[in-house]
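As structure tokens, the structure follows; a few thoughts come after it.
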Amino acid sequence: MDDQPRPRTPLSSTPAGTPAEHTVGVWARGLDGVAYGGDYNPEQWPEEVWAEDVRLMREAGVTFATVGVFSWVLVEPREGVFEFGWLDRLVDLLHANGIRVVLGTPTTVPPAWFYRAYPEARVVTRDGVPLGFGSRGMVSPSSPQYREAAVRVTTALAERYGSHPALALWHVHNEYGVPVAEDYSEHALHAFRDWLRARYGSLDALNARWGTAFWGQRYGDWDEVGLPAAAASVVNPAERLDFARFSDHQLRACFVAERDAIRAHSDVPITTNFMAFACGSTDLWAWGREVDVVSNDHYLDAADPRNQVTLAQAADLTRSVAQGNPWFLMEHSTSAVNWQPRNVAKQPGELRRNSLQHVARGADAVGFFQWRASRSGAEKFHSAMLPHAGTGSRVWREVVAFGADLGHLAEVAGSRVEARVAVLWDQESAWAQGLEWRPSVDVDARERTDAWYRALWDDHVTVDFAHPSADLSSYALVVAPASYLLTADDAANLTRYVAAGGTLVVSYFSGIVDENDAVHEGGYGAPLRDALGLTVEEFAPLRAGDGVRVAWSGAPDDDGAHRELVADTWTDHLALDGAEVVATYVDGPVAGGAAVTRHALGDGHGWYVSTRLDDDGLRAVLAAAYQDAGLAPRDGLGAGTGRDVEIVERTGDGRLYTFVLNHGTEPASVPVTGDELLTGSTVDGWLKVPAGEVAVVRSPR
Ligand code: GAL
């Protein structure tokens, strides 16, 4: 990467949510190699400390610092009165020390004066509670006063720093969608009505699409339409789904307003930090179209013993939202966080392993929250690059060593991860499926998405995530773990994919409703009838704790038995329409009926899995689907090199970079030849990676 941003299509003032041409290939200005740094909040310290900070940043190999994220009141201490002295000195100091600046717009925490002047701008919860000051989290995204104030402070920053030579990237706001995404204030009510008018055009259309004939909910006047606030019983699910869309749209409109205010004064690329799979209120496919550079924050769930798998899953979604372009890991932690019930510290080497997982999966920047641990406030027990224990600590030594590691990986920047398998993920479908009064509380979009992802991980298969409307032609295999809401158009896309030679695996409770949460005509799964050769006649969910056995058809095993898989939660009564039965229920409500099916359409195959198989069962289905897809999962790994060994490849400039990350407790060995970049050694045939270690081998492609 050179010192200038790569060529890009200028962003226009697109209304939030309208598809914009993606600015493929843009990167943070002046950040070469794999960038290294973190959030830096020096306003919490006397200025004498800043000199020590930059000296230690240089010692650690830090190349960027994210500043200003929570500093609204410092740059605008009174409404319309700006003070930049401290920020001028800070940005100049970083610049003088060769550290690039990622500049935050501080709009996630409006100052106390704002709350006092505009109390009606506060967010109101679904139960009607207005949320006050003293914490963080923006005010109502629909408040005109908030939007005006946010654009004013953003404009002031863009005018002042938009051309500063230290500036690498604009970081708008912080983690849109948390801690609250939905707002039930008066401002939201009026904005929701406007949004619905624009979406449906007429009240008749709204009544039809929301199905208000049910329970006598018909609206006779726009002013009768309210917010889906707490009510006596279940609120109209189509209304709630639209409110989720609207709430996300309002946040995105705030982003777009700030982005365009910056763009008027600065051509430095713009991002905002996402939380892939950790924030259920933002539709990242829509957000990804609005930013120049995709960035993500990721925090491990300490209670999850295999949290390396969910880390990889978040990284893969981030890369997919970035359309395969390099992305920016804006935040993760050096050790423990402070906000989980039990904040487990990272083991020695875990910081490095976690960080390199993100790099393996496409990140060209590694950032932490935060540089120096806070002495006061809600996050004083959160780990940092420079912990309370100072430079005499293990964490600091690992931070410094990792900076050197990234120096050895500079050439990896700009290379790409290529996946032959896609897992479908649609946030709107997850919103719809997550509403009340579904056939079983045990059916969960994330649960199945995570399970299929885990099964693919265990087979060492690298995946992209894709929206069901995406061009899927580059994938040999597509897995649809949770496509409850599937529009007729998207179902047609999947059907075309199969007919053209693709292999599609669909899990239960898919193709059920349209974009308004109305059941598709023709029965459950009707839009996928051609692809799968079946529909679902009736759901047969199981009682809590009940399981079913599923027998694989075809040739028996060596001992004469048919392979049996175990499942729970869900079964279906299927109406077969051409599909072949691959596995049958041995017991349960559908005993004797089809459990797993395969259907030939055109040059491809559609698989259907009608029950919640355990991970081994999913891998059995995948093993068969790989054959249809012409995929050969990685084999020939050394003894003991099992599912805890992560192997991911990045390619670029005729080179292949093989990342091997050993999350297990046994040494791993992987067949590869080339130059190991972290140690500078040569690998001839077999790479040995001790438990907990990482290796990155460059070979010709
Ligand atoms: C992030 C947030 C940071 C910090 C961090 C702590 O979600 O953006 O400001 O709070 O969590 O883990």
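May I ask you to order 633-642, 528-537, 411-420 by the average number of other C-beta atoms within 10 Å around their residues, highest value first?
Numbers: 633-642: 13.2, 528-537: 23.6, 411-420: 18.4.
The packing order, highest mean first, is 528-537, 411-420, 633-642.
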Quiz item: Which Rg and Dmax, in Å, describe the Cα atoms of the chain?
Solution: 26.1, 82
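Hey, what's the Kirkwood Rh for the range 152-239 if you take every pair of different alpha carbons, in angstrom? It would help to have the intermediate numbers written out before the result.
Working: mean 1/r = 0.0605 Å⁻¹.
In the range 152-239 this quantity evaluates to 16.5 Å.
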Quiz item: Zone of Ser474 (label point 7 Å along Cα→Cβ, backbone N under 12 Å): which residues in the range 583-616?
Solution: none
Quiz item: What whole number of Å gives the distance from the Cα centroid of the range 24-48 to the Cα centroid of the range 376-393?
Solution: 19
Practice problem: Express the carbon and sulfur contribution to the solvent-accessible surface of the chain as a percent, rounded to the nearest whole number, probe 1.4 angstrom. | Solution: 50
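Determine the gain in length on full extension of the stretch Asp684-Asp127; use 0.36 nm per residue of separation and subtract their C-alpha separation, reporting nm with one decimal.
Numbers: separation 557, 0.36 × 557 = 200.52 nm, distance 6.41 nm.
Answer, rounded to one decimal: 194.1 nm.
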Exercise. Could you tell me the distance between the Cα centroids of the range 72-93 and the range 556-632, to the nearest Å?
Key: 62
Practice problem: Would you mind getting the accessible area per residue of the chain, heavy atoms of the protein chains only, 1.4 Å probe, in Å²? | Solution: 38
Quiz item: Karplus couplings for the range 451-463 from phi (6.51 cos²θ - 1.76 cosθ + 1.60, θ = phi - 60°), rounded to Hz, Gly and Pro as x?
Solution: 5, 5, 4, 4, 5, 5, 4, 4, 8, 6, 9, 7, 10
Self-check item: Euclidean distance between Cα centres, the range 145-178 to the range 442-497, Å
Solution: 36
Exercise. Subtracting the Cα-Cα distance from 0.36 nm times the residue separation, let me have the gained length for Ser202 to Gln627 in nm, one decimal.
Key: 147.9 nm
Quiz item: With point charges of +1 on the Cβ of Lys and Arg and -1 on the Cβ of Asp and Glu, referenced to the Cα centre of the chain, which listed residue (Thr651, Leu103, Val293) lies farthest in the positive direction of the dipole?
Solution: Leu103
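Where does the charge balance sit around Asn516 when Lys and Arg score +1, Asp and Glu -1, over other residues with C-beta under 9 Å from its C-beta? Walk me through the numbers on the way to the answer.
Details: positive: Arg209; negative: Asp242, Asp514, Glu515, Asp517.
Value of the local net charge: -3.
Set the Förster distance to 51 Å, then compute FRET efficiency between His164 and Ser135 from the Cβ-Cβ distance, nearest 0.05. Please list the in-between numbers first.
Numbers: r = 31 Å, r/R0 = 0.61.
Efficiency computed from Cβ-Cβ geometry: 0.95.
Net charge near Pro130, counting Lys/Arg +1 and Asp/Glu -1 over other residues with Cβ under 11 Å of its Cβ?
Numbers: positive: Arg122; negative: Glu120, Asp127, Asp183, Glu186.
So the surrounding residues net to -3.
Which order, highest average first, do 189-200, 472-483 follow once you tally other Cβ atoms within 10 Å for each residue and take the mean per peptide?
On the way: 189-200: 16.5, 472-483: 22.9.
Per-residue Cβ counts within 10 Å, averaged per peptide and sorted highest first, yield 472-483, 189-200.
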Practice problem: Per DSSP H run of n ≥ 4, the term is -39500 (n - 2.57); total these for the chain, divide by its residue number, and report the mean residue ellipticity at 222 nm rounded to 500 deg cm²/dmol. | Solution: -9000 deg cm²/dmol
Exercise. Can you pull the one-decimal nm distance between simple spin-label points at Asp194 and Trp339, each 7 Å off the Cα toward Cβ?
Key: 3.0
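How much length, in nm to one decimal, is gained on full extension between Glu224 and Tyr115, taken as 0.36 nm per residue of separation minus their Cα-Cα distance? Mind dumping the intermediate values first?
Details: separation 109, 0.36 × 109 = 39.24 nm, distance 2.94 nm.
Stretched fully, the Glu224-Tyr115 segment lengthens by 36.3 nm.
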Quiz item: Among 348-358, 676-686, what's the highest-first ranking by average C-beta atoms within 10 angstrom per residue?
Solution: 348-358, 676-686
Self-check item: Relative contact order for the range 421-629, counting Cα pairs under 8 Å that sit 6 or more residues apart, in percent
Solution: 21
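The values are calculated or read from the model by the stated rules, or taken from the named source; none is laboratory data. Quantities reported herein were computed from a predicted structural model and do not represent experimental measurements. Virtual Cβ from ideal backbone geometry, glycine too; neighbours counted across all protein chains shown. The area values use the complete protein model at the heavy-atom level, side chains included, leaving out ligands, DNA and RNA. Shrake-Rupley method; radii C 1.70, N 1.55, O 1.52, S 1.80 Å.
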